[in-house]
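Heads up: the structure comes next, in structure tokens.
The values are calculated or read from the model by the stated rules, or taken from the named source; none is laboratory data. Computed from a predicted model, the values in this text were never measured in an experiment. Backbone-built Cβ (ideal geometry, glycine too); neighbour counts: all protein chains shown. Protein only, heavy atoms only, side chains kept; ligands, DNA and RNA dropped before computing areas. Shrake-Rupley method; radii C 1.70, N 1.55, O 1.52, S 1.80 Å.
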Amino acid sequence: MDALRKQASKLREQVAKQQQAVIKQFSGTGYESSDVMVIDEIELQRHQQLEKLYRSTRSGKDFQKELVRAAESLTAIGMKHMETGTKLSEDCCKYGSENIDDYILAKAASIYGDARKHVEKEQEEFNKLLSIQVLDPLRAMVMGVPLEDARHLAQRYSRMRQEAEAQATEVSRRQARVREAPIPENVAKLHAAEAKMQELKANMAVLGKEASAALAAVESQQQRLTFQRLVALVEGEKNYHLRIASILGDVEAEMVVEKQHKESAPPVIPSDSFSDKTYFLAEAVHSFTAASEKELSLSVGDYVVVRKVTPSGWSEGECKGKAGWFPSGYVEKRQRLPTEAY
């Protein structure tokens, strides 16, 4: 019987050693989950709370790193965008200044070239926002002391818990020895093991509360800061695109207006081309307001000496001592005048 007891005791010791070897194998820098032994119900709850907080803060830290990488990529793309846009702006302005005879295209190129400067300025401002409102705060949190300190507390608690599990195994072994041989020496060793176990449990309770409080505070700050930076990113990107859309909308409208103005403007015809033409008198049937110095304003009932009618729908004439162009359809012919008489 004694031989069997000794064999059983040795077997328990071997199992305990194997358990500790497994714990050491899988223990690292993180908070370790362990189902080897439950010290008591309170300790189990604290262990589960710390495990949950540790995983949550680790997940939050990983997400913050992903946001940092994304913001860095957006900044790099923005810098390349600015480089390309600046070159495009210079090319457009150069074409506009060197090809003034091709009025519509040259004017459009100049308008777009000037607008590109504002677009690149908006890109620069967006990059600054990414740096100040997203990158810097998140980097500081990822590398921050509070997070690392809280995680170190949790890791210390994890190591102490493993030590307590080993000590609980030692207490069980000593209890078995006392049952086998209740001599004073074995009893004293059992009491010492139990006292050390109580000390470990007391230290675990203090350290567990401290680690839980620290990790909970970090988790709350982490969630709050990450949410704020994510909102800042969304708002900044939205406003950036709205401003770009506004700039390009104005550019498009200005291009269209310039094209329409060019197409509707009266032709430039030398004055000597009228010398052999027959003039006629016309009456204004619609009011017309001149949009430039080349045009002639008319009121209903005004009489105009028409000197030239073009296929484009514009006529040139004189009214009340002023000469200029006006739409042909705004007047009606009344009588022909000989050139010499006029």
Review point. Is it true that some residue in the range 17-35 is in a helix (DSSP H, G or I), modelled with pLDDT of 85 or more, of a type in the set (S, T, N, Q) and open to solvent by 50 Å² or more (accessible area, probe 1.4 Å)?
Key: no
Check your understanding: Give me the pairs: first residue in the range 58-87 and within 30 Å of His152 (Cβ to Cβ), second residue in a helix (DSSP H, G or I) and polar (S, T, N, Q), beta-carbon distance under 7 Å, and six or more apart or on different chains, which are they?
Key -> Gly60/Gln222; Gly60/Gln223; Gly60/Thr226; Phe63/Thr226; Gln64/Thr226
Check your understanding: When the residues of the range 143-176 are filtered to those that are open to solvent by less than 10 Å² (accessible area, probe 1.4 Å) and touching a helix residue (DSSP H, G or I) at 6+ places or on another chain (Cβ under 7 Å), which remaining residue is farthest from Tyr54 (Cα to Cα)?
Key -> Ala176
Check your understanding: Residue check: is Tyr279 buried (at least 16 other Cβ atoms within 10 Å of the Cβ), modelled with pLDDT under 90 and out of contact with any Gly (no Cβ under 7 Å at 6 or more places or on another chain)?
Key -> yes
Exercise for review: Please list, ordered by first then second residue, the pairs with beta carbon atoms under 9 Å, 6 or more apart or interchain, first in the range 208-236 and touching a residue at least 40 places away in the same chain (Cβ under 8 Å) and closer than 9 Å to Ala150 by Cβ, second among the basic types (Lys, Arg) and assigned to a helix (DSSP H, G or I).
Suggested key: Ala211/Arg46; Ala211/Arg151; Ala211/Arg156; Ala214/Arg151; Leu215/Arg151; Val218/Arg151
Review point. Which residue out of Ala71, Ala76 is buried (at least 16 other Cβ atoms within 10 Å of the Cβ), within 30 Å of Val119 (Cβ to Cβ) and among the hydrophobic types (A, V, I, L, M, F, W, C)?
Key: Ala71
